[in-house]
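Worksheet: the structure to be examined is printed underneath.
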Amino acid sequence: MAQNDITYENIDVFTIKQLSEILGVDGIISGNLDLNILLSKGISTDFSFIDYFSGDANYGRIGIKISDATTGKLLWKYEKKINKKSGRNTEDLIDRMMKLATRKFPYDREKKRDRKKKGNG
């Protein structure tokens, strides 16, 4: 990416097709994390009625997308609200969210098993 002058600051000006061509891939996995609080220092996981009723129990949102390289079209998307149950800190949050996302991932285990049996996977 650096060889093509692509940085965090300018990656959003490139299309899925352009990025896929540059990287030589057939799809792009991307994601976003929007936080309303600073999780890096950790948060209390104790339930609070005050937080619940005031709306402070909503800490943000996390999203993961898979897009097709040829068409640039969105193939799959997973979004989840971040709250006290999501994790105590950023590392916890990302780990838990990725585990939840993989359960929803459109992947057929049977097809993978079949490919392994045939020697193709």
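Here, each number is a calculation from the coordinates, and none is a lab measurement. All values reported here derive from a predicted model rather than from experimental measurement. Cβ sites come from the backbone with ideal geometry, for glycine too, and all protein chains shown count toward neighbours.
Observations on the model:
- Placing pseudo-labels 7 Å out from each Cα toward the beta carbon at Val25 and Asp92 gives an inter-label distance of 3.0 nm.
- Pair Asn4, Leu75: separation of 7 Å Cα→Cβ label points (nm): 1.7
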